[in-house]
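What follows is a single structure, written as structure tokens, with notes after it.
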Amino acid sequence: MSENRQDDAPVVEAFEFPPDPADDFEWVPATPEVAGNLAEPPEADWRTAGTSRRAFLRGVVCSGVAVSASAYMFTVQPREARAAVRGVERLISLNVNGKTRRVDVPPSETLAQTIRYRLGLTGTKIGCNRAECGACTVLADDVPIYSCSTLTHQARGKKIVTVEGVAAPDGTLHPVQQAFIDELGPQCGFCTPGQVVAAVGLLKKNPKPTVDEARRAMSGNLCRCGAYPHYLAGVMRAAGRA
């Protein structure tokens, strides 16, 4: 074996790499070779002709003052807004079922929430909570309204009657309540308080309604059980003795 290992190494022919496209360019910026010898575009001046530095600065200052003034004019000051919110009286008096009640109510609370959760009159139901089903119907000055879409502050000065205030003080049922029982109106009973109050409001305004008038007056109260004929028959029965 030879002491010089290089002599024993196999001879390998020189490997020829593929041509490199970069070899065609010199080690200088390649812009002229790629883009060609094009004329340089003119530099855009940020100043218009004849504008001096003083005039430019004056325009910037004036525009800033104008923007600040418009923001001050058309923006409500936070201090004034907070003062307006605090200025709303929370402690109000409500006449509910013939009694005056003092309640602490925020401006955004609905009458249905106040009746149920502050006064404890849970006969008024909250169904859809968007003035569609009529389960929350109460009387405001003998006019049926949806209490879920009426703010409590809007009811100040009005006489509110819930289903708890329909019967007589001695517990005698109202003719509408007795007629609904006789005609088997209530099924699940969830819509019944609203049905009762709506019927009482109808008979206060029109003691002798026709069937079509009664159907139209009760159309704002939905019954998930579909007992509409029974409720309608109860209204007509109560009309004879209300």
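So here's what we get for this one:
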item	result
Which listed residue is of a type in the set (Gly, Ala, Ser), at pLDDT 95 or above and touching a Leu at 6+ places or on another chain (Cβ under 8 Å), from Ala233, Ala199, Ala242, Ala155	Ala155
Test: residue in the range 127-143 that is exposed (fewer than 15 other Cβ atoms within 10 Å of the Cβ), in a loop (DSSP other than H, G, I, E, B) and among the β-branched types (Val, Ile, Thr)	no
Pair list, Cβ under 7 Å, 6 or more apart: the range 124-150 residue free of Cβ contacts under 8 Å to residues at least 60 places away in the same chain and under 11 Å from Val161 (Cα atoms), other residue assigned to a loop (DSSP other than H, G, I, E, B) and open to solvent by 50 Å² or more (accessible area, probe 1.4 Å)	Ala140/Lys158; Asp141/Lys158
Pair list, Cβ under 6 Å, 6 or more apart: the range 94-123 residue at positive phi and open to solvent by 20 Å² or more (accessible area, probe 1.4 Å), other residue small (Gly, Ala, Ser) and not in a loop (DSSP other than H, G, I, E, B)	Asn97/Gly165
Filtered residues of the range 195-225 (kept if assigned to a loop (DSSP other than H, G, I, E, B) and open to solvent by 40 Å² or more (accessible area, probe 1.4 Å))	Asn206, Pro207, Lys208, Thr210, Ser219, Leu222, Arg224, Cys225
Search result, residues across the range 91-120 that are part of a loop (DSSP other than H, G, I, E, B) and under 18 Å from Asp141 (Cα atoms)	Asn97, Gly98
Residues (part of a helix (DSSP H, G or I) and either crowded, with 16+ Cβ neighbours inside 10 Å or among the charged types (D, E, K, R) (or both)) located in the range 226-235	Tyr228, His230, Tyr231, Leu232, Ala233, Gly234, Val235
Tabulated pairs, the range 165-186, first over 22 Å from Arg224 (Cβ atoms) and polar (S, T, N, Q), second open to solvent by less than 50 Å² (accessible area, probe 1.4 Å) and at pLDDT 95 or above, C-beta under 8 angstrom, 6+ apart or interchain	Gln178/Ala238
Any hit, the range 200-218, residues being free of Cβ contacts under 8 Å to residues at least 40 places away in the same chain and within 19 Å of Thr122 (Cβ to Cβ)	no
Residues that are of a type in the set (Ser, Thr, Tyr) and under 20 Å from Val166 (Cα atoms), drawn from the range 199-242	Tyr231
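The values are calculated or read from the model by the stated rules, or taken from the named source; none is laboratory data. Since this is a predicted model, take the numbers as computed values, not measurements. Here the Cβ is made from the backbone with ideal geometry for all residues, glycine too, and neighbour counts use every protein chain on show. Side chains are part of the model used for accessible areas, which takes the heavy atoms of the whole protein and leaves out ligands, DNA and RNA. Shrake-Rupley method; radii C 1.70, N 1.55, O 1.52, S 1.80 Å.
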